[in-house]
Structures are given as C-alpha cells and as structure tokens.
C-alpha cells in the first residue's frame with residue numbers, strides 16, 4: 001500500500017483536476033512531463049533547450065507533446081485568448097467505467113463543425129469530438145471502424161481509450177481516410193518512435209487528407225517516400241553530427257523531394273550541406289534546398305558533375321544549355337539559382353529554415 005507523504009505539501013503548485021481525471025490514462029510520458037514543467041513554470045519563457053534539459057525529452061518531441069494539450073484546451077499559443085475549459089469533475093475510475101459503458105451520457109453530436117470567433121478578422125472552424133455514445137453507435141454501424149480500432153490496438157500493444165478512438169474516428173469520418181490507411185499511418189508512427197502519439201498521428205492524417213492520400217496505393221507510396229527520408233537522415237546525422245533523432249516536418253519534406261524527386265543520394269545532399277555551411281556558416285535546409293534544386297535544374301547528377309561545373313564556371317567556360325529552357329541555363333551561380341528556386345519551390349520555405 002502507498003500513500004502521499006504529508007510532509008511533501010510544504011511546497012506545491014496547482015494543476016487542473018482534469019489532467020488526472022481525464023488524461024492520466026491517455027497522455028504519454030513526454031506529454032505529462034512537458035505539461036508538469038509548464039504548470040510549474042507558468043511565467044517562464046518557453047525555451048526548447050531549457051525544457052529539454054529539465055525534462056529529458058528530446059526537443060523534436062516537445063512540440064508533438066504540446067499538440068496533445070493544445071487539442072485538449074489546456075495549453076494555448078502566444079497571442080491566443082484564454083478559453084474556459086469545462087470541468088467534468090469525474091474521477092479517473094469513473095472515467096474508465098464510462099469508457100467501458102457503450103451508452104453513457106454524451107456530449108454534442110459527433111463531428112459537428114462550429115465557427116468560433118477568435119478575433120474580428122479571424123474565424124476558426126472547430127470539430128467537436130464524438131462522444132462515447134457516438135463512438136459506440138459507429139461501432140455498431142460500421143464493421144470497418146470496429147476492425148480499425150482492433151488493428152490499431154494490436155499495433156500499439158494496448159487498448160485505445162476515448163481520446164484515441166475519438167481522434168481516429170474524426171480522421172475516418174470527417175477527413176475521409178479509409179480504415180486501412182489509418183492503420184498504415186499508425187503502423188508508420190510506431191516505426192519512427194511515435195507509438196500511441198495520437199496528436200502526431202492526427203496531424204499527419206490531416207496532412208495526408210489534404211494531399212489526397214486516401215487509398216492503399218497512395219499511402220504505400222507516401223510511406224515509402226517517408227522511409228527513404230528517414231534512412232537518409234540517419235546517414236546525414238552521422239556525417240554532420242546533428243543531434244535530432246528525427247528530422248522536423250519541414251526537413252522531412254525537403255528530404256522527400258531531394259531523394260524521391262531529384263533522385264539524389266547522401267553524397268549530393270552532404271555536398272550541398274558543405275556548400276551551405278561554407279557560405280552561411282551554419283546549417284540551413286532552406287539554403288540547401290536552393291542549392292540542390294539549382295543542381296537538379298542544371299542537370300547535375302553527381303558530385304563530379306557539380307565540381308566540374310564549378311571549375312568551368314571559375315574558368316569562364318559556358319556549358320551548352322541542351323534540353324534546358326533559356327531562362328534556366330546551367331550555372332554555378334548558387335546565389336542566383338537559389339533565389340529562383342525559392343521563388344518556385346512548392347515548400348515556399350523562409351530563408352534559414
């Protein structure tokens with residue numbers, strides 16, 4: 001038997017009861033650690049380096065953890081107006097019982113969209129999560145939904161709670177992702193260490209829906225691209241000494257383009273990294289993207305092609321513009337080529353990102 005040591009109450013800080021009542025079972029270690037840090041330091045500037053040092057959570061995982069609490073309404077971003085979060089006054093035990101009761105009292109209708117006015121010029125659409133009763137109804141109506149929940153539970157190796165079920169149902173019913181695609185998405189999340197990270201899965205699911213990745217073939221193709229990027233990142237880390245275990249979303253987007261569209265290997269990517277550090281004094285994926293795109297448009301396929309072009313450029317030798325539009329002639333003027341690249345690149349990144 002265990003109990004709280006009364007002497008520990010000499011110094012305390014306050015956290016909302018719903019963290020224990022509603023989120024204790026669903027929130028992961030990283031999410032709980034970061035949230036405790038925030039409530040312990042409410043007036044401290046949120047610095048990723050400091051939070052990572054104090055919690056032991058890698059910086060690239062902290063933003064993912066924040067998405068969960070932002071979605072729950074317990075954390076807001078700078079500049080957003082505070083919103084009162086309804087208190088349910090339900091203990092963790094009562095919440096567990098409610099999740100096991102198919103027709104418990106429910107909240108507003110599932111997937112209803114309501115405009116929430118944030119300011120005079122900005123309006124945001126909020127998707128209301130399906131209630132426990134709504135989820136039970138969908139399980140009775142759709143064998144696909146029931147199968148999806150079962151398969152995802154097998155992938156995660158644990159039971160899906162209310163938060164997981166409601167968010168996956170939103171991806172299925174609102175964003176139109178088929179059950180098999182959601183299972184593939186969850187399986188991929190597990191391979192990159194995001195097992196059970198519902199906020200990460202929801203964000204990726206929304207992105208897939210926006211890209212039109214709504215069937216098995218397109219999902220398989222997307223996962224293959226992402227896996228290629230992850231594999232190259234491991235090599236990139238080894239060569240450059242970067243510490244992040246995984247690329248950020250923007251970095252992964254660049255890597256997908258370089259590897260799958262330009263068909264460049266780690267040698268070309270590392271060569272662009274060297275040119276970038278030589279020019280900028282630090283790593284910049286935006287600048288690297290400009291360099292690699294200029295090489296791709298100029299028809300350079302290997303580092304030998306690049307160095308040969310650099311030598312010809314230095315000696316004032318013009319390279320024939322075969323099969324290339326007149327306004328995109330091969331050139332080793334990286335600054336000019338990068339400006340063109342950023343102007344037309346679909347990622348539209350900011351300088352230095």
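The values are calculated or read from the model by the stated rules, or taken from the named source; none is laboratory data. Quantities reported herein were computed from a predicted structural model and do not represent experimental measurements. Cβ coordinates were reconstructed from backbone atoms using ideal geometry, including for glycine residues, and neighbour counts include every protein chain displayed.
Some notes on this structure:
- Flag if residue 182 is part of a helix (DSSP H, G or I), at pLDDT 90 or above, touching a strand residue (DSSP E or B) at 6+ places or on another chain (Cβ under 9 Å) and within 30 Å of residue 145 (Cα to Cα): no
- Filter result for the condition that a residue is within 28 Å of residue 57 (Cβ to Cβ), at pLDDT 80 or above and surrounded by fewer than 19 Cβ atoms within 10 Å (Cβ to Cβ), over 164, 176, 157: 157
- Residue match in the range 67-90 (condition: modelled with pLDDT of 75 or more, surrounded by 11 or more Cβ atoms within 10 Å (Cβ to Cβ), in contact with a helix residue (DSSP H, G or I) (Cβ under 6 Å, 6 or more places away or on another chain) and outside the structural domain of residue 175 (by TED's automatic domain parsing)): yes
- Residue identified as outside the structural domain of residue 179 (by TED's automatic domain parsing) and farther than 28 Å from residue 298 by Cβ among 228, 244: 244
- Entry remark, the range 40-60: residues being closer than 15 Å to residue 197 by Cα and part of a helix (DSSP H, G or I) number 1 in total.
- Leading residue by the ranking (modelled with the highest pLDDT) among those in the range 311-326 that are assigned to a helix (DSSP H, G or I) and surrounded by 14 or more Cβ atoms within 10 Å (Cβ to Cβ): 312
- Subset tally (residues that are more than 14 Å from residue 268 (Cβ to Cβ), crowded, with 17+ Cβ neighbours inside 10 Å and touching a helix residue (DSSP H, G or I) at 6+ places or on another chain (Cβ under 6 Å)) for the range 278-289: 3
- Among (1) surrounded by 19 or more Cβ atoms within 10 Å (Cβ to Cβ); (2) more than 18 Å from the chain's Cα centre (by Cα), the one test that residue 189 misses: (2)
- Subset of the range 8-37 (residues that are modelled with pLDDT of 80 or more, surrounded by fewer than 17 Cβ atoms within 10 Å (Cβ to Cβ) and part of a helix (DSSP H, G or I)): 8, 17, 20, 36
- Picking from residues in the range 122-154 that are assigned to a strand (DSSP E or B) and surrounded by fewer than 12 Cβ atoms within 10 Å (Cβ to Cβ), the one that is modelled with the highest pLDDT is 126.
- The one condition in (1) in a loop (DSSP other than H, G, I, E, B); (2) modelled with pLDDT under 75; (3) under 23 Å from the mean Cα position of the chain (by Cα) that residue 63 fails to fulfil: (1)
- Applying a threshold of 6 Å to beta carbon distances and a minimum spacing of six or more residues, or different chains, the list of pairs starting in the range 289-305 at a residue that is within 9 Å of residue 262 (Cα to Cα) and ending at one that is at pLDDT below 90 reads 293/341.
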